[in-house]
1. In this structure, does Ala121 turn out to be at pLDDT 95 or above, more than 14 Å from the chain's Cα centre (by Cα) and either loosely packed, with under 15 Cβ neighbours inside 10 Å or closer than 30 Å to Glu10 by Cα (or both)?
2. Conditions: (1) part of a helix (DSSP H, G or I); (2) more than 16 Å from Gly25 (Cα to Cα). Gly101 meets all but one. Number of the miss?
3. Only residues that are more than 16 Å from the chain's Cα centre (by Cα) and in a helix (DSSP H, G or I): list them for segment 27-84, please.
4. Look at Arg127 and say whether it is outside any helix (DSSP H, G or I) and either touching a Ser or Thr at 6+ places or on another chain (Cβ under 9 Å) or under 27 Å from Glu10 (Cα atoms) (or both).
5. When residues of segment 85-110 are filtered for being under 14 Å from the mean Cα position of the chain (by Cα) and at pLDDT below 95, how many remain?
6. Would you point out the residue of segment 96-118, among those that are farther than 28 Å from Arg14 by Cβ and touching a Pro at 6+ places or on another chain (Cβ under 9 Å), that is surrounded by the most Cβ atoms within 10 Å (Cβ to Cβ)?
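The values are calculated or read from the model by the stated rules, or taken from the named source; none is laboratory data. Everything quoted here is computed from the prediction, not taken from an experiment. Don't worry about glycine lacking a Cβ; one is built from the backbone with ideal geometry, like all the others, and counts go over all protein chains shown.
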Amino acid sequence: MAPTDTRRGEPWLRYLLAIGMVAIGVAHFANPDPFVRIIPHYLPGALALPLVLVSGAFEVAGGLGLVFGPTRRAAALGLVALYVAVFPANIEHAMRPELLGTPAWVAYARLPFQLLFVAWAWRYGRRPR
């Protein structure tokens, strides 16, 4: 395991991502309302809460999976897929920042960070050389 962490960044970076994902995943359950509000308007309203809870569960699972060697690659690739899947909610937030009372510039500035998270998770999902 150590060579993998050395080649792909310090272990603390992986733990930081793992902790962040578990925390945001738990927030989906503890306070789902902000997440429900930014579900894209073209999806049926009845799906909003279930989608938030499912994405929260996958965030927790992905974060925990990053910690353990046998599940790390699958968890990382799952998080990449999750970041892509939830991107429409981030776009919805940018297009309608009033949904969360966010300044428009903040909602738009958030969008490129999704690429950072994709790259961050991807580094742990690549096969070792």
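1. Working: at pLDDT 95 or above: yes; more than 14 Å from the chain's Cα centre (by Cα): no; either loosely packed, with under 15 Cβ neighbours inside 10 Å or closer than 30 Å to Glu10 by Cα (or both): yes.
For Ala121, the condition - at pLDDT 95 or above, more than 14 Å from the chain's Cα centre (by Cα) and either loosely packed, with under 15 Cβ neighbours inside 10 Å or closer than 30 Å to Glu10 by Cα (or both) - is not met.
2. The number of the failed condition is (1).
3. Ala30, Asp33, Arg37, Gly45, Ala46, Leu47, Ala48, Leu49, Pro50, Gly69, Pro70, Thr71 - these are the residues of segment 27-84 that are more than 16 Å from the chain's Cα centre (by Cα) and in a helix (DSSP H, G or I).
4. Yes.
5. So the answer is 1.
6. The qualifying residue surrounded by the most Cβ atoms within 10 Å (Cβ to Cβ) is Ala107.
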